[in-house]
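These notes concern the structure reproduced below.
The values are calculated or read from the model by the stated rules, or taken from the named source; none is laboratory data. Everything numeric here is computed off the predicted structure, so don't read it as measured data. Methodologically, a virtual Cβ is constructed for each residue, glycine included, from the backbone with ideal geometry; neighbour enumeration extends over all protein chains shown. Keep in mind that these areas ignore ligands, DNA and RNA; they rest on the heavy atoms of the full protein, side chains included. Shrake-Rupley method; radii C 1.70, N 1.55, O 1.52, S 1.80 Å.
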Amino acid sequence: MPSEATSRPNIWIVVPAYNEAARIGRTVQGLVNHFPNVVVIDDGSQDATFDSLKHLPVWALRHPINLGQGAALQTGIDFAVRQGAEVVVTFDADGQHDVHDIQRLVEPITSGRAEVALGSRFLGSEAVNMPTSRRVILKLGVLFTRVCSRINVTDTHNGLRALSRKAATKIRIHQNRMAHASEILDQIQYLGLKFEEVPVTVHYTNAVLEKGQQNSAAVKVAAQFLLGRMVR
């Protein structure tokens, strides 16, 4: 009978980071306490993000210039697949996500029920200190995705997701910036990949809200997604 160590799937955590020197160490330390395979992609940061990783037991990759979160994710996913990843988990660098959600997130994949597991902050009370304006914008994003991509989800721009090896090799992110989240959902539907949503916690702090996407950027993200869809 295989031991828990030998039967555990080869899970890789992919963390895109841009100007996260103040938080990346704490985020990564929480991950490596539970998962041995963590790759951080410094997306051309102008601060000490990359230097903050030097004494941590992680793979650290670096874009020489800032390309965008979508490009950083694709770099990390490709790297994880080359290292033999059976499950790839994407995890934000800013401390919004909870490492304890990862095992619950990968379960639909390891059990064979799904090829993609999508974290949702709206399946229960899982959005801590979310401003009302952000909730409205995200709900409008759900409506936009259901109409444009015809995929029935409750959360569209959640960076916590898990991909089977099959899904990680089939999904290709062409939208370098924030429209990548909609593009991933679009491809899940187009490729016919089985997916399941999983309740996860997202923590909102003033620092996260100040650095994150502004509500006014939602229209720009939608336009980028639609334009990218037409030119592909």
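Quick check: residue separation of C148 and L56 times 0.36 nm, minus the Cα distance between them. What number comes out in nm? Can you show the working numbers first?
Working: separation 92, 0.36 × 92 = 33.12 nm, distance 4.13 nm.
Difference between extended and current length: 29.0 nm.
Place +1 on the Cβ of every Lys and Arg and -1 on the Cβ of every Asp and Glu in the range 11-65, take the dipole about the Cα centre, and give the residue among Y18, H34, S52 whose Cα lies farthest towards its positive end.
H34
Give the peptides 11-19, 107-115 in descending order of average Cβ contacts within 10 Å, highest first. Mind dumping the intermediate values first?
Values: 11-19: 25.3, 107-115: 17.3.
Most protected by this proxy first, the peptides run 11-19, 107-115.
If I stretch the segment between L191 and R82 completely, what's the gain in nm (0.36 nm per residue apart, minus their alpha carbon distance), one decimal? The partial results should precede the final answer.
On the way: separation 109, 0.36 × 109 = 39.24 nm, distance 2.17 nm.
Stretched fully, the L191-R82 segment lengthens by 37.1 nm.
Please turn the phi angles of the range 105-119 into ³J(HN,Hα) values with the Karplus equation 6.51 cos²θ - 1.76 cosθ + 1.60 (θ = phi - 60°), one per residue in order, whole Hz, x for glycine and proline.
Computed from phi, the couplings for the range 105-119 are 5, 7, 4, x, 7, 5, 7, x, 6, 8, 9, 9, 10, 10, x Hz.
On a 1.4 Å probe surface of the protein chains, which of R26, R177 comes out largest in accessible area, and what is the full order?
Details: R26 165, R177 110 Å².
Largest accessible area first, the residues go R26, R177.
Cα convex hull of the range 77-192: how many Å³ per residue?
Here the figure is 120 Å³ per residue.
Where does the range 4-102 land on Rg(C-alpha)/(2.2 N^0.38 Å)?
Details: Rg = 12.7 Å, N = 99, 2.2 N^0.38 = 12.6 Å.
That works out to 1.00 for the range 4-102.
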